[in-house]
Amino acid sequence: MAKDQIVSTMFRFHSLYRIIATLSVFSFISIFCWCQFSSKCYSMNVIMMQKAKESIDLLTFPYAWNVLSFPAGPPSQILKIGVFVKKWPHRSHAGGLERHALTLHLALAKRGHELHIFTTSSPNSTFPTYPFPNLVFHLSRPTSGGYLDQAVVWEQFRAQNSTGRPFDVIHTESVGLLHTRAKNVPNLAVSWHGIAYETIHSDIIQELLRSPEERQATMMTERAMKVVEEVRFFQRYSHHVATSDHAGDVLKRIYMIPEERVHIILNGVDEEIFRPELSLGIDFKRKFGISKSRSLVLGIAGRLVKDKGHPLIHEALKQIFMENNKFQQSVTVLVAGDGPWGARYKALGANILVLGPLEQAQLAKFYNAIDIFVNPTLRAQGLDHTLLEAMLSGKPVMATRVASITGSVIVGPESGYTFSPSVESLKKTLYKVWNDGRVVLENKGKAARQRGLQLFTATKMAAAYERLFLCISREQYCKYQK
């Protein structure tokens, strides 16, 4: 009996090994090819010089649509758009997917398009209102798991699709609309804010950082099988929007989705809110009693949880404070957000200020008060909005060296710093930032804002989505001429 158990265990181990080895080979091929257009040579000037007299087929365009310039005037066609999102953001309590949904669809509503949002609303909760008669919400109760009730929202959708004119295009944020419903909808686009293949990288990082006292994770085999499952059902969605360059490459190479059905549109944030404004930073520092004698102000924002990397940066700061008294006395750390690591940050000393969750207007002041924004995330999927907000605010950024960030955001040292997900690497980078000083950081901040204006504004993102939706609606819009 014991022998049978040993054989069974060895079989499971070898099966897991083969799965990881196969994914690693695909990953190497994917990263090798993806790196060919993610460095500084990823320049739209060069691309457009080569194609100055050619029209571009947008459906096979291999780069982010954000680099293209679309007309800023009124849209050539008013679209009727159906949107599926499991949760609409409420005040400061919103994740990246919800913030993306809010920013994008409000921008499209301002452009005059007719939008119907199919989302959830819990009983006794207030729902935000907006001054757009062309923005209509169709609410339903969430399932016990917090998702859209597919039968209910599908009936709501069918009723609206037969009212007036049918929808020109349907947009689902991740699996807001499940593949079982989406498989027969040709004019549908799905935006992915994280896929299982990227999550495997996150699992590996967290396992490497696991302390001996913590239980070993048993999710690797399940996660690998989740990739296989996604490869199968992703094919049922007609068009796919990747929110990072790396994710776009994975969808085409690993998930084997035809290139004409995969489109890269990077996330964008409101450039009217997130912009450099010195007075906002001065007021924010005065409000929280931050002394002018401090030589460096670090900023951290987001959910204060494990997978966002807070154990990592907490330990790095703790060690630096213990070994370098001058660093501790000259540096202030502002932490915006809520979660279990808030109290632990407070325990590190008086030079760490935990501010709690901030509304957008307060976040804009927060970014203007700091010298550099630090994002220690351990999650390799999606494209974090906080980095984009900081860059548009004119601040350099410092983040974990994961593919979505180094491929789309911090593509070189001009605008910031990257580090490996280890305490030693993070400490080394923090010391470099400290030694570089404010003059160097201000120059990097200017470069970061320039890149942000070129790629990460809400206007750029909305224009790219609008053109994609027009293209899906009518083939004539699928050709781009500079």
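Before moving on, here are some points about what is shown:
- A Cβ distance below 6 Å, combined with a sequence gap of six or more or placement on separate chains, defines the contacts here; from the range 127-143, residues that are in the same structural domain as GLU98 (by the TED database) reach residues that are in a strand (DSSP E or B) and open to solvent by 50 Å² or more (accessible area, probe 1.4 Å) in the pairs ASN134/GLU114.
- Selection of the range 304-327 for residues being open to solvent by 50 Å² or more (accessible area, probe 1.4 Å) and either in contact with a Cys (Cβ under 6 Å, 6 or more places away or on another chain) or free of Cβ contacts under 8 Å to residues at least 40 places away in the same chain (or both) yields LYS318, MET322, GLU323, ASN325, LYS326.
- Looking only at residues in the range 142-188 that are of a type in the set (A, V, I, L, M) and outside any helix (DSSP H, G or I), the one that is farthest from LEU97 (Cα to Cα) is VAL185.
- Of all residues in the range 98-125, those satisfying the criterion of being open to solvent by 40 Å² or more (accessible area, probe 1.4 Å) and either outside any loop (DSSP other than H, G, I, E, B) or touching a residue at least 12 places away in the same chain (Cβ under 8 Å) (or both) are ARG99, LEU102, LYS110, ARG111, GLU114, SER122, PRO123, SER125.
- Scanning the range 249-259 for residues that are part of a helix (DSSP H, G or I) and touching a residue at least 40 places away in the same chain (Cβ under 8 Å) turns up ASP249, VAL250, LEU251, ARG253, GLU259.
- The lone criterion from (1) more than 19 Å from LEU266 (Cα to Cα); (2) part of a loop (DSSP other than H, G, I, E, B); (3) at pLDDT below 85 left unmet by LYS40 is number (1).
- Check on GLU214, on the phi < 0 side of the Ramachandran plot and part of a helix (DSSP H, G or I): no
- Scanning the range 418-446 for residues that are of a type in the set (Lys, Arg) and free of Cβ contacts under 8 Å to residues at least 24 places away in the same chain yields LYS428, LYS432.
- The residue of the range 338-354 that is nearest to PHE284 (Cα to Cα), among those that are open to solvent by 10 Å² or more (accessible area, probe 1.4 Å) and small (Gly, Ala, Ser), is ALA350.
- Taking residues in the range 149-161 that are under 12 Å from LEU177 (Cβ atoms), and partners anywhere that are among the hydrophobic types (A, V, I, L, M, F, W, C) and surrounded by 12 or more Cβ atoms within 10 Å (Cβ to Cβ), the pairs with Cβ atoms closer than 7 Å and at least 6 places apart or on different chains are GLN150/LEU178; VAL153/PHE84; VAL153/PHE118; GLN156/PHE118; PHE157/PHE118.
- GLY299 being part of a loop (DSSP other than H, G, I, E, B) and small (Gly, Ala, Ser): no
- Boolean, PRO357 is touching a Gly at 6+ places or on another chain (Cβ under 8 Å), surrounded by fewer than 22 Cβ atoms within 10 Å (Cβ to Cβ), within 18 Å of GLY302 (Cα to Cα) and not assigned by the TED database to the domain that holds LEU97: yes
- LYS460 being among the charged types (D, E, K, R) and buried (at least 23 other Cβ atoms within 10 Å of the Cβ): yes
The values are calculated or read from the model by the stated rules, or taken from the named source; none is laboratory data. These numbers come from a predicted model, not from an experiment. Here Cβ is always computed from backbone atoms with ideal geometry, including for glycine, and neighbour counts include all displayed protein chains. For the accessible areas, the whole protein counts, side chains as well, though only heavy atoms, and no ligand, DNA or RNA atoms are used. Shrake-Rupley method; radii C 1.70, N 1.55, O 1.52, S 1.80 Å.
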